[in-house]
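Everything on this sheet refers to the single structure shown next.
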Amino acid sequence: MEQFDVVIIGAGLAGLQCARRLSQTGHRILLVDHKQKLNQSVHTTGIFVRIAAEAAEEDREQGRKRITPYWRVVKDDGTFNPKLPGGPAQQTLNLRDEGFEVSTAGKKNHRVVDFANRLIKFK
């Protein structure tokens, strides 16, 4: 049976970096993840959006007028991230206040109507 010095659970950004650094120092690493291949995408955007959202809400609580509009970040299909402050209900209120039309057909199906036409395309 093969033996390892370190077992890392999760091949996300942190897991991959940890595995890389430890292997460079001679450790024998076992990297375990649910993905079938390591070249599948690593999803970290949500983590950074949530950090920005929580910081924005702290700014709001401190009375700041200009805060990061994290509620404008939607998933690929126009639906909302339930982990953001206030969940889809608060995100819906914020977007409607800015003039966006939001469909609330079902608890998990809040989405910006016609969101694809509002995407910014980079060349």
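We did not get these values from a lab; they are worked out from the coordinates using the rules stated. Being a predicted model, the structure only gives us computed values, none of them experimental. Cβ sites come from the backbone with ideal geometry, for glycine too, and all protein chains shown count toward neighbours.
Quick notes on this structure:
- Here the condition is being free of Cβ contacts under 8 Å to residues at least 12 places away in the same chain, among the hydrophobic types (A, V, I, L, M, F, W, C) and touching an Asp or Glu at 6+ places or on another chain (Cβ under 9 Å); of I51, I67, I120, it holds for I67 alone.
- Within the range 1-38, the set of residues being in a strand (DSSP E or B) and either surrounded by fewer than 12 Cβ atoms within 10 Å (Cβ to Cβ) or touching a Gly at 6+ places or on another chain (Cβ under 9 Å) (or both) comprises V7, I8, I9, L31, V32.
- Taken over the range 78-100, residues that are charged (D, E, K, R) and either in contact (Cβ under 8 Å) with a residue 60 or more places away in the chain or in contact with a strand residue (DSSP E or B) (Cβ under 7 Å, 6 or more places away or on another chain) (or both) amount to 1.
- Candidate set: the range 62-116, residues that are in a strand (DSSP E or B) and under 21 Å from R50 (Cβ atoms); chosen: the one nearest to the chain's Cα centre (by Cα): T79
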